[in-house]
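The values are calculated or read from the model by the stated rules, or taken from the named source; none is laboratory data. This one's a predicted model, so the numbers in the text were calculated from it and none came from an experiment. All Cβ positions, even for glycine, are placed from backbone atoms using ideal geometry, and neighbour counts span all protein chains on display.
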Amino acid sequence: MTAETSTHAYPVTARNRVKRLHERGSYDRDSVYAILDAAMLCHVAYVIDGQPYATPTLFWRKGDTLYWHGSSASRMLRHLKAGTPACLTVAHLDGLVLARSGFNHSANYRSAMCFGTARLVEDPEEKIEAMRDVIDRFYPGRSALLRPITTQEAKATTIIAMQIEEAAAKVRAKGVGDDEEDFALPIWAGVIPVTTMLGTAETCHRLVEGVEKPETLSIFPVGGKLDTALLTGQRIYEGG
């Protein structure tokens, strides 16, 4: 079954079709979700009065909807309130690929590009739920341990939602792609893996005596991979 006919895939259009190295592209939801869910940071691109902007921000996914938030004074968020076409992208660098020619140097990566219409979350209950979700998605169960969100905090925060209308994933996960005749050259070539590793937690120096780090944070082990922890957090968030 092709991406165009699969009910579990996003429609392939001129907007999201992978044109260069199309064999690396895929449009099924599982592939896109896996790349999104392994990240905390995205870039949201949009246009204001003919000027393009790309803003880095934290985001999270709930089903087929993406959320991000920020200050109510943000230019991006004020602009997106009216319902604006937007493009949200995520990229992971997984390896440095060194070949025997400059042309064949590359990188191993995972990327996702999502298109939709961004909207302001105005319903008060949906907004409070989203403000809890941004905590629980990354730190499962943590919102229940925190003091309640204040009226002023809710007022100062804007939440944007965007249902994914079209999306594409693109992945390179292989070794050196040298020209056949170059393999005989006496030049070192190979792949240097790249990962984001978790360090030892640095406890706040004003922590109340006797307070221990909760067991729910065990998904962030010292020396573990960030993307693995985030994928685990997403599964817990989804109730899986």
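Return a yes/no flag: does segment 115-130 have any residue that is out of contact with any Phe, Trp or Tyr (no Cβ under 7 Å at 6 or more places or on another chain), part of a helix (DSSP H, G or I), of a type in the set (Lys, Arg) and at pLDDT below 95. Yes, that holds for at least one residue. Filtering Glu212, Glu165 for residues that are over 30 Å from Val12 (Cβ atoms) and not hydroxyl-bearing (Ser, Thr, Tyr) leaves a single hit, Glu212.
The residues of segment 81-107 that are outside any strand (DSSP E or B), at negative phi and in contact with a strand residue (DSSP E or B) (Cβ under 9 Å, 6 or more places away or on another chain), listed by number, are Lys81, Ala82, Ala99, Asn104, His105. Give the residue that is farthest from the chain's Cα centre (by Cα), with candidates limited to residues of segment 55-78 that are surrounded by 13 or more Cβ atoms within 10 Å (Cβ to Cβ), at pLDDT below 90 and not polar (S, T, N, Q). Restricting to residues being surrounded by 13 or more Cβ atoms within 10 Å (Cβ to Cβ), at pLDDT below 90 and not polar (S, T, N, Q), the top hit is Arg78. Considering only segment 122-140, state which residues are closer than 18 Å to Leu217 by Cβ and in contact with a helix residue (DSSP H, G or I) (Cβ under 8 Å, 6 or more places away or on another chain). The answer is Arg132, Asp133, Ile135, Asp136, Arg137, Phe138, Tyr139, Pro140.
Annotation note: Cβ proximity below 6 Å between a residue of segment 187-212 that is exposed (fewer than 10 other Cβ atoms within 10 Å of the Cβ) and a residue that is part of a loop (DSSP other than H, G, I, E, B) (sequence gap 6+ or interchain) occurs for Thr200/Val222. If you go through segment 1-47 and keep only what is assigned to a helix (DSSP H, G or I), under 19 Å from the mean Cα position of the chain (by Cα) and modelled with pLDDT under 90, you end up with just Arg24.
Looking only at residues in segment 164-174 that are in contact with a strand residue (DSSP E or B) (Cβ under 6 Å, 6 or more places away or on another chain) and in a loop (DSSP other than H, G, I, E, B), the one that is surrounded by the fewest Cβ atoms within 10 Å (Cβ to Cβ) is Ala173. Of the residues Ile192, Ile187, which single one is at pLDDT 95 or above and outside any loop (DSSP other than H, G, I, E, B)? Going through Ile192, Ile187 in turn, just one is at pLDDT 95 or above and outside any loop (DSSP other than H, G, I, E, B): Ile192. Here Ser218 meets the list (1) in a loop (DSSP other than H, G, I, E, B); (2) at pLDDT 95 or above almost entirely, failing just condition (1). For segment 108-124, taking the residues that are exposed (fewer than 15 other Cβ atoms within 10 Å of the Cβ) and touching a residue at least 24 places away in the same chain (Cβ under 8 Å), the one that is farthest from the chain's Cα centre (by Cα) is identified as Pro124. Of the residues screened, Ile149 is one that is part of a loop (DSSP other than H, G, I, E, B) and among the hydrophobic types (A, V, I, L, M, F, W, C).
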